[in-house]
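Okay, structure first, notes after.
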Amino acid sequence: MSAYDTRIEGHEMIVEGTMAFHFEKPPGFSFKPGQAMDVVLVDPPATDPQSARHAFSIVSAPFEEHLSITTRMRDSAFKRALKSLAIGAPIRIEGPFGSLTLHNNRARPAVFIAGGIGITPFMSILRQAAQDGLPQRLVLIYSNRRPEDAAFLAELQVLEQRNRHFRLVATMTQMEQSTRPWAGEVGKIDETLLKRVISELPAPICYLAGPPAMVEDMHRVLNLAGVDDDDIRTEEFYGY
């Protein structure tokens, strides 16, 4: 795995409790949509030397000029240090790595199932697909508690308009706690929803990303919906 020295370009809050961080893309750094990288602090907190690095899915697509990650801002020494970095501060990245990348058989649709911040590896795939005009059917089933918590929701809605091969199925599980209007799906991703979506697709391959318990549960529900294990792809999730 290669290491690269780079600098932080900026960061911003994108939804409640979730931040995006942007880095200069080092010369020679290339990756496939869906892959990840380690972000390594040059000057890690002295009180917690184990917090020098963290693995994140790469949210930006290969065609973009910068590298981006997105993460829930949990109270950890690493994330406090990352947030405190000044624009232009040096940082190191190592990678890329990971195999949660889009399959090559364009005749077989892809169904991405994401819970919360598990959306990150799929953003790179969907951005690149829209840029390339990829002639492959792509469906994203995206679960969040509320629209306020749904990272990239507005961008995903725009991508759906741009790419006629892409369909977004977003669902909210706690709309009673939301102050925003929502006309889409509500409730957890269940067998009924999955069967309804998958029944419209010829031999789809399904990808899962999210909290470990959610991934395990969705794997079971996909099996109940008739999807064979050979057509389900998961990977340890990066980004918490």
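No value in this document is a laboratory result; all are computed from the given coordinates. Please read these numbers as outputs of a predicted model, since none were measured by experiment. No Cβ is skipped: glycine too gets one built from the backbone with ideal geometry, and neighbour counts run over all protein chains shown.
Fewest neighbouring Cβ atoms within 10 Å first, the residues F23, F63 line up as F63, F23. So, counting K/R as plus one and D/E as minus one, what does the shell of residues with Cβ under 15 Å around S30 add up to? Charge balance in the 15 Å sphere: -2. Shown for M218, M19: other C-beta atoms within 10 Å of each C-beta, ranked fewest to most, produce the order M19, M218. In straight-distance terms, cross-link reach from K83 covers every one of the lysines whose alpha-carbon lies under 30 Å from its own, apart from those fewer than eight places away in the same chain; here that gives K25, K32.
The helix-only estimate of mean residue ellipticity at 222 nm for the chain, built from DSSP H runs of length n ≥ 4 each weighted as -39500 (n - 2.57), is -6500 deg cm²/dmol after division by the residue total.
Normalising the average separation of contacting C-alpha pairs (under 8 angstrom, six or more residues apart) by the number of residues puts the relative contact order of the chain at 21 percent. Counting only Cβ charges, +1 for Lys and Arg and -1 for Asp and Glu, the dipole size of the chain around its Cα centre is about 360 debye.
Rounded to the nearest 10 degrees, the angle from helix 212-224 to the longest Cα principal axis of the chain is 20 degrees. Between E176 and N223, the distance separating the two model label sites (each 7 Å from Cα on the Cα→Cβ line) works out to 3.2 nm.
Using the average count of surrounding beta-carbon atoms within 10 Å as a protection proxy, the listed peptides 136-142, 180-186, 153-159 rank, highest first, as 136-142, 153-159, 180-186.
With respect to the chain, whose longest principal axis is taken over its alpha-carbon atoms, helix 153-162 is tilted by about 60°. Partners of K79 within straight-line reach, counting aspartates and glutamates whose Cα lies under 15 Å from its Cα and excluding those fewer than 8 residues away in the same chain: E12, D38, D43, D48.
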